[in-house]
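Note sheet for the following structure.
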Amino acid sequence: MDRDKIIALVLVVGLVFLFVALIGVVTVTGFVLFFVTSDQGTVVDNTPLIDTNPNTAVNTANTDNTAPNTNTTPNTNTNPNNDPDPVCGNNDLETDEQCEADSDCSSSQICNSSCDCEAKPEPEAELLSNIKVESLTYWCATDFEGEKGLAVKIVKFKNTGTSDFNYNNKVTLKSESESADDSITTNAAYKFAVKAGKTTDIYQKDFFRSTAPYLYIGNTLGKVTLTFEFGKDFYFEHNLTLKGQDFASANCQ
């Protein structure tokens, strides 16, 4: 019986020691956790502060109190290739220019004010101031519609200058009046030559038109303009007024 009591007592004492030991472990563990937690809370974070507000960053950087550049208009260049526009007349043949001088064009072209090559203009004939009509010989002829009128069959020229004049090509005679216009040329064999102060004639035989070897000037009274063209080189005009006596002298009434 005493043995049982002793065993029971030993068990009770053992349980007490286990309980005390458990309390001790819990106490020590809690103290350590508390210490560690408290120590971590005092750690200083050296990471720099970053202000994520963009307006604050701008204001901080802008220490000279100057307003930021608010010009947002883009620089629009109308030339997509960024090449300067050609300048005509700067003696530099640039893109989109055909020429800067006549030498940049063909022999039959010239360089115009837009730096483009264009055909040379026809040369202007020179006015002959020393060759005049001395006299006209009329003849009654018919026009191409069968109407009778006055025609010129001989033209006498005079050189009023101080030097001879020669032209070895065809001469064209033209007439313009209220009733008719006509044109005729000399034949290829005719050579126009008149010495200074002298005269020369063109006859019917010198005209190229064999079926009507004359220059028709009309069938009415009034003004007539005769033009004499020496190719595209020279020309002169002669103005006259047809009168009734002119038609009577030619028996063309």
Checklist entry - What is the set of long-range amide H partners of Asn169 at a cut-off below 5 Å, with H atoms built 1.01 Å from backbone N? => result Phe192
Checklist entry - Would you list Arg3, Arg209 from fewest to most Cβ contacts within 10 Å? => result Arg3, Arg209
Item to check | For Ser183, Ser113, order by how many other beta-carbon atoms lie within 10 Å, fewest first | outcome: Ser113, Ser183
Checklist entry - Given Lys158/Lys223; Lys148/Lys191; Lys132/Lys232; Lys156/Lys243; Lys153/Lys195, which pairs have Cα atoms separated by over 26 Å? => result Lys148/Lys191
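Coordinate-derived values only; no laboratory data. All figures in this text were calculated on a predicted structure; none of them were measured in a lab. FYI the Cβ positions are ideal-geometry reconstructions off the backbone, even for glycines, and counts take in every protein chain you see.
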